[in-house]
Amino acid sequence: MSAYSRTPRPALWRAVIIGSAAAAAALLVATMSTGPTPARAADPTLHQLMVNKGRVYFGSATDNGELSDTPYTTILGSEFGSITPGNSMKWDTIEPTQNTFNFTKGDAIVTFAQAHNQIVRGHTLVWHNQLPGWVSSLPAASVQAAMENHITQEATHYKGKVYSWDVVNEPFNDDGTYRTSPFYNAMGTAYIADAFRTARAADPTAKLYINDYNIDGTGAKADAMYSLVSSLKSQGVPIDGVGFQGHLAVQYGFPTNMQANLQRFAALGLDVAITELDVRMVLPADSSKVATQNQYYTNVVNACIGVTRCVGITIWDYTDKYSWVPGTFSGQGSALPWDENLLKKPAYSAIAAALGLTSPSPSASASSSASPSPSASRSASPSPSVSPSASPSTSPNPGGGCKVVYAASPWTESAGVGGFTANITITNTGSTPISGWSLKFSLPSGQTLTQSGWSATYAVSGQAVTATNVSYNSAIAAGASIGIGFNGRWTGSYTSPTSFTLNNVACS
Ligand code: 9MR
């Protein structure tokens, strides 16, 4: 039986409340910066634990209506290094009528992410679902141009602002045959390669993914995906990764050979990621179902960590308060690691333990959903010692040439020791294009890179770091920006590098 129903259903999200979202973010910063210093270092967040494993992020889906829920955004903004909009970058939201684009909701998600030093997984450009009626009504001969225009407009709008795009979502039926959709009906399987090429042309920096459910373990559907991406790679189609949604259910068993399945895709030269993880159960929960759920979360983390190119895990929202599950699967729920009162559940502890957290502090250990209280809810919030929004250091270049913004989010694990994520934006402030580049800077003493970083090739000699372009972001047009980044460790006290050169010319 399918772990995830294909039945379309109405969107659940609420109206956007941008003002409130901004206020919530501002409030968070104020609260975090004025809060008391805890007696002991806070437990690391799931994102920090994931970074310590050499990966890029641990993330959560979110949605616009939720951004006005301050207790919710406090956790969203500090526990996770990546967010995915659950609905607001989908076709029906972005282009509800042909050639009329509305980016308001997607922009609000990007604004939140930027305020909290998070990357964004863009979701999704081409999907049969949440597709406005006008697309389905187009004559077949007009579909390709409409698809390319949609991809170009949306990926251009978010260029430099998203880490990745789910370019094509859910192309297969569960038996591994191609799903019919306006795109497949008009272009056959060729729509997929065309979508990737169009996305790459619009945003050369974003990692381009294909994403599906029920491909987590081996089976006919995963085999179909494997043959498709093998073929795309051999044709030189610009695909960077495969997203395994991970909508699991306690009652359907754990996917077969998940780690080996991820590994065979990685061996094609692709990143892999768990993109929409949740583990639902038939309610009411009992200790046996919860134990199975904990085991499934553990297994997914182990499968990802067992594959070097598994760059991240995203849970499909972090709290049962905003899960899609009860609205789609009647009588099912309790799928996420935080309960409806934003308290951590045993599933949280299972994930943290699988990521290497050995002795959680009392305030951060899993709380029972049977004993919610406002104070317990607050105690489950992240510690103020975690700085989710450290000020970026900027090297303006009034003379023209380059500008570098180095935005780091460091955290403290114990006195004088911690990790950080650095997102670097390089802007060509000159009037001619840059073709091929290397960025040089010195890491302050005591700092190291913990993994290979993203969107550049990193060479480290002592404290000297050279980041060189990868093929798809070698060109930076005049006035354009590209984003790269890496994760690292610090000792002593955290400071950011302040001077940078691009092609050996100072950016300040
Ligand atoms: O979480 C999304 C939910 O709010 C929407 O109602 C639903 C509509 O199809 O889409 C949900 O997200 C889906 C994601 O975009 C693709 N994979 C399956 C997810 C759960 O349905």
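Some points to look at:
- Linear extension gain, residue 340 paired with residue 233, 0.36 nm per residue minus alpha-carbon span: 34.3 nm
- The amide H of residue 165, built 1.01 Å from its N in the peptide plane, has 122, 207, 208, 209 as neighbours under 5 Å, considering only residues 5 or more places off or on other chains.
- FRET efficiency, residue 142 to residue 477 (Cβ-Cβ, R0 30 Å, nearest 0.05): 0.50
- For the range 102-165, the relative contact order is 53 percent, taking Cα pairs closer than 8 Å that sit 6 or more residues apart in sequence and dividing their mean separation by the residue count.
- Packing-based order for 189-195, 497-503, using average beta carbon neighbours within 10 Å, highest first: 189-195, 497-503
- Remark: 163, 406 ranked as 406, 163, counting other beta-carbon atoms within 10 Å and listing the fewest first.
- Placing a pseudo-label 7 Å from each Cα along the Cα-to-Cβ vector at residue 179 and residue 100 gives an inter-label distance of 2.7 nm.
- Extension reserve of the residue 70-residue 189 stretch, reckoned as 0.36 nm per residue once the Cα distance is removed: 38.4 nm
- Rounded to the nearest 20 debye, dipole of the range 93-235 from Cβ charges on Lys, Arg, Asp, Glu: 380
- Legend: calculated FRET efficiency, residue 321 to residue 435, from the Cβ-Cβ distance at R0 = 41 Å, rounded to 0.05, equals 0.25.
- Placing pseudo-labels 7 Å out from each Cα toward the beta carbon at residue 458 and residue 442 gives an inter-label distance of 1.9 nm.
- Listed by chain and number, the aspartates and glutamates whose C-alpha is less than 14 Å from the C-alpha of residue 159, apart from same-chain residues fewer than 8 away, are 107, 203.
Laboratory data are not the source of any read-out in this text; all were calculated from the coordinates shown. These figures come from a predicted structure and were not determined experimentally. Glycine also receives a Cβ, built like all others from the backbone with ideal geometry; neighbour counts cover every protein chain displayed.
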